Every structure is written in C-alpha cells, then in structure tokens.
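Below is one structure, written out as structure tokens; the observations come after it.
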Amino acid sequence: MTNEELQRKIESWYPDPEASGLVFSEEESQFLNVSISPKDLYDLMSKLKADDDTYFDYLFCLTGVDWGEELGVVYHLESTQHRHQLVVKVSTPDREHPVLATVSSIWKTAEFHEREVFDFFGINFTDHPNMKRLFLTDEWEGYPLRKDYEDEINMILK
Amino acid sequence: METTTVKSNFKSEEYFINMGPQHPATHGVLRLVLTIDGEIIKKVDPDLGYIHRSIEKMCERDSYQQIVHLTDRMDYLSSNINNEAVCLAVENALELEVPDRVKVIRTIIGELTRISSHCLWWGVMGMDVGALTTYFYGFRDREMINDIMEETCGARLTMNYNVPGGLMFDIHPNFVPRVKKFITHFKTKIPEFDRLLTNNVIFQKRTRGVGILSKEDAISFGASGPVGRASGYSCDVRKYHPYSALDRVTFNEALQTEGDTFARYKVRIQEFWESLSIIEQLIDNIPEGEHRVATKAVIKLPKGEYFQKVETARGELGVYVISTGTKNPYRFKFRSPGFSNLSLLNHIAVGGKIGDLVATMATLDLVIPDIDR
Amino acid sequence: MKYGLSIITTIHDWLYSVMPEWLAGLVEMILIALVYLGIFSIAGLFLVLMERRVAAWFQLRIGPNRVGFQGLLQTMADALKLLSKELTGTEKADKFLYNLAPYFVIITSLMALAVIPFSAEFHAFDINIGVFFLIAVSSIGVIGILLGGWSSNNKYALIGAMRSGVQTISYELSVGLSLLTMILLTGTLQLSEIIEVQKSGWLIVQGHIPAVIAFMIFMIAGTAETNRAPFDMVEAESELGAGFHTEYSGMKFAYFFLAEFINMFIIAAIAATVFFGGWLSPFGITESIPSLGVLWFLIKTLLLVFLMMWFRWTFPRLRVDQLLTLEWKYLLPINLVNIVIMALLVWGKLIIKF
Amino acid sequence: MGYFSNIYNGIKTLLTGMSVTGKYFLHSRKGAITQQYPDNRDTLKMFDRFRGEVIMPHDENNEHRCTGCQKCEIACPNGTIEIIWDRGIDEVTGRKKKKIDQFIYHLSMCTMCGLCIDVCPTDAIEWGQNFENSVYDRTALTRVLNLPGSKLQPGVED
C-alpha cells in the first residue's frame, strides 16, 4: 500500500479524527507519520496488525522520546508481506506519572523495548507482563534519557 | 498412607541459578537468572546493564562526526557496518551523494566485517558446545581480515573508518591483493569447518531440534539477521532496503526453514559463501575516484527525522535520528539486533537443558555491548 | 640386565637383615608407597604438560615453552604456584566433607596405579583379581566428586556432581563388560597372567573383530569414566563454569586436576595391558631385553593417552541425556552381543594365535 | 538397519573430524599462528596506518607544525587533547599571534578514533606506531607532545 492508501485506510477506521487525535504527516520524514492520542493507541495498533490490508506484523523500532513538554513513544512498523512502513507516534503530557498502553501483546518484541523505555524515560506501560527496570538498578533515581535529567557525578557535559 | 509419605520424601523444587555476569557461555557481562528444575530450564530472565554506557545519551551531546566512533563500541564485531549506518543516515539527511568508490569500498569492508564476525562466532560456537579447537581455527581466518583492516584503517576492532561523506582515507594499495588472497584461502577453509564441526554427529545431535523458533514468533519478536532467516523469515536488509553498492551485486539470501539451532548455524555458514561472492563481484571493480566528499566542519542536519537500516552480522541495525537543526541530534536511537534477539531467548530456551541453553545462546550470537548500548 | 631389580632386591635383603620381619615389611611398604607417590606426581605433572603441548599443536599454537627446556618445568612451576595459593571455599560449605573429597579422588587413583604392571618385575601388587580390583577401585573416585560437589554449597558444583554420579554409574557397566569380553579370552583376572597369555599374540589380534569392538567401547567408556571431553559433563566449562571443583582452590584443586590425568593414564594403561600386550614388545623383537618392557608399556600407554587427547580436542561435548542414550541404547546392547560372540569364538576356537 | 547405519555414519563423521585436527597436528611445527611476542620485538613492525598513539613530529631544528588552532581539541569526543596556548610576538612580522605553550595529550582517555588527525589543517599531529603503552603510573599516560623549547615551523601558517 502506498502512503496515501494507508492514510485513507486508517482514516476510515476513525470517523472522528479530532476525538482520537489522529494527525498524519509526511514532512521531515521518509515514512508516513501517524499521531494518535494515548487512549486510542492500543486500538489503532491492534487494527494495524490484524487488518489484512495493512498487516503490520513487524515492529522494528520502538523509541522513547522526550519532546520537552511531552513524553512520547515512536513505533516504527513494517509489514513483512506488503513491505510498507509506517510510523506511529503517541505522546503524553503527564511527566510525573506518564502512562501508555502496552503493545507487547501485539508484538512480543515490544516487551523488552517497553522495559527499556520505562527504564530511561519512566513511561509506565499498563498491562505489561513484567514492568520493571531492565538496565538500571532498581534503586536508581530518575530517568537518564529525559532531557531534564541531571547527574553531576556520572555525566560529562561539554 | 505409606505411598504418600514416600512421595513427600522425594519432593522436588525449582531453584534459581545465576548464569553470569561472569560466565563463559554468556560471552560478556550478561546475567541470566535461570529457573531450573533439575537440568530443565523453566524460565530465563535476562538482567542487563552491566556495561551500559548510555551511548544514546552521549550522542545527544556529540557532533555527528563524533557519534560515528561511539558505534564502534556497540557491536564491536561489526563495527564497520555500524559506522556505515550512522554515516548513511547523516548523508541521507544532508542529501549528500557519496562517490561510487566509497560505496563499493564500504560494501567490501562491510562484508569482510561480516565474515570476520562469523568466524569468531564459529569458533565460539564450537567452544560453547565443547569443541575447543574450533576457536583457534576461526581466529586464524579472522586474523587475516584483521590484518587487512589494520593495514587500511589502522585499527583491528574499532576502526572508525567511515566518516559522514565517505571514508577517512583511501584504501591501502595492498588491500585488493590481500583480500584476493584471503578469498582463495578462506574458500578452502569453509569445507574444513564443515568436516570438523558441521557434520560431526555429536554436534548435530546437540543442535538439531533445539531452541526452535517459528516464523511467526521470529517476526513478532523482531528477530533479524541469521536468527530470523533460520526460521524462514526473509529479512535481509541488504535485499529489501539495499544501501551502498549492495544494489549492484547478486547474492542469495541464506534461508533455512527449521528454525532450530542447527538452522541458525547453517545460515551463518551459508553467509560465509554469500559474503565471499559479494566481495568477489566487487573487488575487481572498485571504481576510481575520490574517497571522500567534503562536508562542513560542523554538520547540522536539517530539522526532521531520519531512519537508516543496515544489516550487520547480527541482524538489522536501525539508526533513528531526530534532528532539530542544531549540530547535535535531539534524539539518537539505535535499534540493535542483539536486543531483540535476546528477548526471544526465554521463549526458545524453556524446556531445554542447560546444555541446550548454551548452544542456543551461541547461535543467537549475542554481543553484550550491542544489547547494553 | 636386571640392574634396577637388583637394587630393589638388595634393599629388600638389607632391610630384612637389619630389622625384625614385621618392621622390615612395614618399612618396605612405606618405601614402595613413596616410590608410587613419586611416580604419581611426576606422571601427573608430565601428563598435564603433554596435554597442553598436544592441545597447542592441534590448535595451531606452540604451547608452554618458556619454563625449562621446551617448557618441561612449566607444570612444576604451576604446581608450586598452586601450593602457595590460599585455600578458599564457600562460607556455608560442609567443611569436613569439603576437605575430604579431594583425598577420596586422589587415593583411588593411587590405589589403581598400584596394580598396573609397568613391566614383568616392576609390578607392586600383583593380585589374582587384578582387573576386578581396578574396576572396583576406579569407581570409588566418583564418591569424591559427589562429596566435593555436594559439600561446596554451590549450585554449579552440585549439578556437576550429580551429572558425574549418573555418568559414572552408567559407564562403569561398559568398562566392566568390555573388559569381561577380553577375560573370556584370557581366562584369568590377574594382570600378569593376562600379559603372559598375550605372548602368543596381543588380545586385540587374538580376539579380532569382537576384540576391536570391545576396545572401541572400552576407550569410549573409559573416556567417560575419566570425565574427559567429549564426556566432560562434570566440568563442562561453557555450561557450569568449572563443575564440581568450582569452589576448590590451591592444592585441593590440584588434587582433582592431577587425579583426572592419572585416571586417564590408568584407563590407557589398562587398555594397553588388556588389548595391546602390556610390556610385551611387538612381535617379540626385544624379548631378550626384558628391562625394555617398561618402555614398551609406556609407549603403548602414551599412544592411547594421545588418542584420548585427540578425542578431547576434536569433539564437541554431548548433552547429559545424550550421554545416557549413548550408553544404554548403544554401548550396552552392543557390548552384551559382543560378549556372546566372543564366547562363541572361544568356544569354537576361532581365535587367532601365533 | 537404521540403528547400525547411525553408528556407522556417526563414527565416520567423528573420524573425519579427527582427520582435520590430526592434519594440523602433523603440520604443527610450521603451522603455529601465534606470535612469540617479546622474542619477536625487533622484527615486529606495525602497519604504517596503525593507530598506536598520537604523536607530534618535530624536525631537526626542534620545530613542529602546530599553530594552536584547537580544531583537534574541538573534534575530540573525549577531551583527550588540551591545548594551553599563549599570545606571543612573532619574530618576523612583530605582530602578536597565538602559539602553543603545551599540547597535552591524555592517552588514557584516547579512543583512537582519529578525528583529531583527520581534522588537523597543518598535519601537525599524526599516528605513532608504538603499541607498548602500559606504564606503572597513570600520570605517565598524560603527555606533552610539543618538545620543550620547540617552535612553530616557519611557513606553516601561510
């Protein structure tokens, strides 16, 4: 499917794009970007995987990003059958207790990647089977990859 | 009544055992918390972070030229391919067309790196299943590649040979003859590998039917590289998203369907041949020209997001750059193949014995700094 | 001719002339024990060196060549280092059993060494149940391994020890049965008489096909008995770290280490005695010089030791269940059939004798 | 019959494996791939491009080519290079100009990435082929590359 077809397909699932925060963009990126609100994330993801036309069965990258104001997660999806790619972005303004839905039940690889994001950005994924620190020790304070993280002893700034 | 007392006397329970962080089979500081019932593995829980250096955070502070050398320290066995990934991402973002010569040399060196990585893997694989001698035979051939690299790049492991815009310096005049010599040498050695290890009845018994990964699970777990291809999942980035000079060579994607440890082993042995054939197609046709396009001293990527995939010896390495137009990236993410491949270890090792876990881990070919970026 | 022996006889006579008989007997026994202790440690150290050199040559390396001429003193230096090392152990180990275990292992190998006929005269303890004694004694060693693994309070050691128990119990059968096959030919268990029988042809020639099969089974089972690769389940360095001796250090570790090599020597020596005529020279070429017997014995034994090293540096390790499959599904049935065939051969006088 | 063919094939593959190692055993004398390191020290020569350490070559007049532009210092990812510079009077022109006082190189922090040498406009620093870098005292790894009393080679800045 081309990007336009993908966009139309996804739009057809959400008659009210405003309510689900659906925004498409192809600027400044080589993929079609879809932004979605956290509440519809799981729904969109399961549709993207389940639908035969889209069939995104390969989550090849899951990135946590600190957008400054918001904390977000970027999902890079690819279909091994149709070989089309899509980027799904979701972000939450809550920096204190950010919570997103897990996609580890859709793609098993997300289990580890979400733990990594939890470790470095502090985003909690609901219904994740094993939501605990992966790299850092359990008593580590703060989330190192956030932009406002400060550690004067271990971080060398230039 | 009496039978029950006998039964309670033989009560068995599961217990935990720490495999690593210092353990010969984990090839680095990986810690696996195993739940074991006798010899049978019930659960594998990886505990990471023993050598995490937070390269992604360091990238946010470094310039794009400096980031390249950090990738050497991720998957150090395919450091050249990692370098190439970052350089390609930067060049794509700058819309910089590198000369043909650079593309061909990058591809040749990438394939040499793959062979050398697989040589090491082969030696270590043999060692993990108990045949200690393979290690030295693998290293003998790897040593030749290391010498080639050292003569051209100056370093044996962390080359940092690629720079955004091309190569740091041109290839050494001895490069081509040495590579040709290596090809003829190595072609006689792969059959020897087969005779020593592949066909060995003990080795086959140890690996066949062990650690089976189905195609669906391989995709779902994000397996890539030889691990995915052994399950029949065609996932070679060199085929689907060719980069550098890979679009002008013909090669077969090494595919197996069984998905067990032996299939992963076979895929890598097959990749020896494919990589040799790629090098052979290119080595005589290195175009003349510049080895580098001048870039600005301070590289600023235009605002936007860039993603570049390459196929390292371990699988698909993704480089995801978010730039805000400054000289440092806003976010630099490495999608490392080892991390995804590790996540499926629990899935395929459960139910096997300790020996199976070691053999399975050997074919996942984990490089811990790649996981612990 | 009998220069070496004449010294022994002189000492013997002298001892009995200067002290009462019981004391002389005791002193003599102690002297012999000391001689064997010397043989034990020298042979052990030499075998370690040999293993390292052979391994190096298989692996495109050179091996230890710094200490002494061609590295001959290397293992001596290693032993000295191990002697001077601190003896560590886990805190909650069962101290008594933990300290006892290495002696179990080392004493059994020493006992087995006593009945090995190095030559016609150089034979400390020639009992009429020699082979039986060897089999019986060599299986005591596993108790030491079990004790060591159990008392170390280390899970890796425990797994290694349990594997060892399973392995030794299984392979003991094959060792015994394959030797039994050859006993059918000799009709005696006494090692010196077994060699006497071979003056009319080595047993592996006398018994031809079943003897060759028995020899192969004996070598496989013997390698497993000594816990060497490809049957080194017990140590399995890529799986268990160091197996049952993970927690041992210093000289206690060295005891385990030496015992492993002596056991290898013993297995090779039994094979050389039972299958290849012990100290007999091939075709009787040096029959007139009996003192060369030791040399022939050592050549044969070291060749077999080399074979075991060749196994070790070529083959991958088996998995623990495959180890048992090999024994119970392949070696044992073949062995039983082999005994019957051998019995038929002996009964039908189809053995080859010169 | 599968039972016996299994045994036959098994033994055959084992013997093939032994023939491989046996072949190397017989050729072990000339086949050793290891190097006898301290013995071959005299003949051991690194490749020209080998990255052992950063050195600053001086000519016979004790003159180097470093102008003190600090490009290497900026290019270095690890803070390996520190240039302490001064404003001195140029003897020829009589004008004030930048000249290096000390070119400090911390070998202990160097990752041998080569960016400093790559970026140097006057080829003042280059790779040395020395590989025996172990010392007893960590401070010995901090080196001043310009020799005492050395000067800038004339004509470099033009």
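Taking the range B:197-254 on its own, how many of its residues are surrounded by fewer than 19 Cβ atoms within 10 Å (Cβ to Cβ), under 21 Å from B:Glu84 (Cβ atoms) and of a type in the set (S, T, N, Q)?
Looking only at that region, the number is 1.
Criterion first (assigned by TED's automatic domain parsing to the domain that holds C:Ile116, modelled with pLDDT of 80 or more and in contact with a helix residue (DSSP H, G or I) (Cβ under 9 Å, 6 or more places away or on another chain)) does C:Phe46 satisfy it?
no
Return the residue satisfying two criteria in turn: it lies in the range C:305-354 and is farther than 23 Å from C:His208 by Cα and hydroxyl-bearing (Ser, Thr, Tyr), and of such residues it is farthest from the other protein chains (Cβ to nearest Cβ).
Within the range C:305-354, the match that is farthest from the other protein chains (Cβ to nearest Cβ) is C:Thr325.
Scanning for something surrounded by fewer than 16 Cβ atoms within 10 Å (Cβ to Cβ), within 14 Å of chain B (Cβ to nearest Cβ), under 27 Å from B:His172 (Cβ atoms) and under 18 Å from the mean Cα position of the chain (by Cα), does the range D:46-54 turn up at least one residue?
Yes, the range D:46-54 contains at least one residue that is surrounded by fewer than 16 Cβ atoms within 10 Å (Cβ to Cβ), within 14 Å of chain B (Cβ to nearest Cβ), under 27 Å from B:His172 (Cβ atoms) and under 18 Å from the mean Cα position of the chain (by Cα).
Quick one: which of C:Ala43, C:Ala55, C:Ala79 is in contact with a Phe, Trp or Tyr (Cβ under 8 Å, 6 or more places away or on another chain), of a type in the set (A, V, I, L, M), assigned to a helix (DSSP H, G or I) and more than 30 Å from B:Gly138 (Cα to Cα)?
Answer to the selection: C:Ala43.
Between residues in the range C:30-45 that are of a type in the set (Phe, Trp, Tyr) and residues that are surrounded by fewer than 15 Cβ atoms within 10 Å (Cβ to Cβ), which pairs lie under 9 Å by C-beta distance while being six or more apart or on different chains?
Filtered contacts from the range C:30-45: no entries.
For every residue, the table says whether it meets (1) outside any loop (DSSP other than H, G, I, E, B); (2) assigned by TED's automatic domain parsing to the domain that holds C:Leu304; (3) surrounded by fewer than 18 Cβ atoms within 10 Å (Cβ to Cβ).
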site	(1), (2), (3)
C:Leu23	yes, no, yes
C:Met29	yes, no, yes
C:Asn65	no, no, yes
C:Leu113	yes, yes, no
C:Ser119	no, yes, no
C:Phe132	yes, yes, yes
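Could we say that B:Asp370 is within 27 Å of A:Phe31 (Cα to Cα) and in a helix (DSSP H, G or I) here?
yes
With a cut-off of at least 2 residues that are closer than 23 Å to A:Tyr143 by Cβ and within 14 Å of another protein chain (Cβ to nearest Cβ), name the strands (runs of 3 or more DSSP E) lying wholly within the range A:19-93.
It comes to A:58-66, A:71-78, A:85-92.
Tell me the residue from A:His128, A:His97 that is more than 27 Å from B:Lys309 (Cα to Cα), in contact (Cβ under 8 Å) with a residue 12 or more places away in the chain and in contact with a helix residue (DSSP H, G or I) (Cβ under 8 Å, 6 or more places away or on another chain), please.
Sole residue among the options that is more than 27 Å from B:Lys309 (Cα to Cα), in contact (Cβ under 8 Å) with a residue 12 or more places away in the chain and in contact with a helix residue (DSSP H, G or I) (Cβ under 8 Å, 6 or more places away or on another chain): A:His128.
Looking only at residues in the range D:135-158 that are touching a Lys or Arg at 6+ places or on another chain (Cβ under 7 Å) and not in a strand (DSSP E or B), which one is modelled with the lowest pLDDT?
This residue is D:Val156.
What strands (runs of 3 or more DSSP E) completely inside the range D:43-126 contain at least 3 residues that are free of Cβ contacts under 8 Å to residues at least 40 places away in the same chain and not aromatic (Phe, Trp, Tyr)?
Result: D:81-89, D:96-106.
Tally up the residues in the range A:103-158 that are aromatic (Phe, Trp, Tyr), within 11 Å of chain B (Cβ to nearest Cβ), touching a Ser or Thr at 6+ places or on another chain (Cβ under 6 Å) and not in a loop (DSSP other than H, G, I, E, B), please.
Result for the range A:103-158: 1.
Of the conditions (1) farther than 30 Å from B:Asp236 by Cα; (2) in contact (Cβ under 8 Å) with a residue 12 or more places away in the chain; (3) not hydrophobic (A, V, I, L, M, F, W, C), A:Tyr42 satisfies every one except a single condition; which number is it?
A:Tyr42 satisfies every listed condition except (1).
Please name all residue pairs, on different chains or six or more residues apart, with Cβ atoms under 8 Å, provided the first residue is in the range B:105-126 and is without any contact (Cβ under 8 Å) to a residue 24 or more places away in the chain and the second residue is of a type in the set (Ser, Thr, Tyr) and in a helix (DSSP H, G or I).
B:Gly123/B:Thr134; B:Gly123/B:Tyr135; B:Gly123/B:Tyr137
Looking at the range C:165-185, which of the residues that are of a type in the set (Ser, Thr, Tyr) and either in contact with a Ser or Thr (Cβ under 7 Å, 6 or more places away or on another chain) or crowded, with 24+ Cβ neighbours inside 10 Å (or both) is nearest to B:Glu39 (Cα to Cα)?
Among those residues, the one meeting the criterion is C:Thr168.
Tally the residues that are part of a helix (DSSP H, G or I), under 22 Å from C:Ser164 (Cα atoms) and polar (S, T, N, Q), restricting the search to the range C:274-322.
Result for the range C:274-322: 1.
Go through the range B:122-160 and count every residue that is within 18 Å of the chain's Cα centre (by Cα), away from chain C (no Cβ under 14 Å) and at negative phi.
Within the range B:122-160, residues that are within 18 Å of the chain's Cα centre (by Cα), away from chain C (no Cβ under 14 Å) and at negative phi number 7.
Could you list, in sequence order, the residues of the range C:208-245 that are within 23 Å of C:Val305 (Cβ to Cβ) and not hydrophobic (A, V, I, L, M, F, W, C)?
Across the range C:208-245, the qualifying residues are C:Gly222, C:Thr223, C:Glu225, C:Thr226, C:Asn227, C:Arg228, C:Pro230, C:Asp232, C:Glu235, C:Glu237, C:Gly243, C:His245.
Check off (1) within 16 Å of B:Ile67 (Cβ to Cβ); (2) at pLDDT 85 or above; (3) more than 10 Å from chain A (Cβ to nearest Cβ) for B:Gly338 and give me the number that stays unchecked.
Evaluating B:Gly338 over (1) within 16 Å of B:Ile67 (Cβ to Cβ); (2) at pLDDT 85 or above; (3) more than 10 Å from chain A (Cβ to nearest Cβ) leaves (1) as the failure.
Among the residues of the range C:233-242, write down those that are within 7 Å of chain B (Cβ to nearest Cβ) and either of a type in the set (D, E, K, R) or not in a loop (DSSP other than H, G, I, E, B) (or both).
C:Glu237, C:Ser238, C:Glu239, listed by residue number.
Out of contact with any Gly (no Cβ under 6 Å at 6 or more places or on another chain), farther than 16 Å from C:Tyr255 by Cβ and in contact (Cβ under 8 Å) with a residue 60 or more places away in the chain: does that describe C:Gly141?
no
The values are calculated or read from the model by the stated rules, or taken from the named source; none is laboratory data. This one's a predicted model, so the numbers in the text were calculated from it and none came from an experiment. Ideal geometry is used to build each Cβ from the backbone, glycine not excepted, and the neighbour counts take in all protein chains shown.
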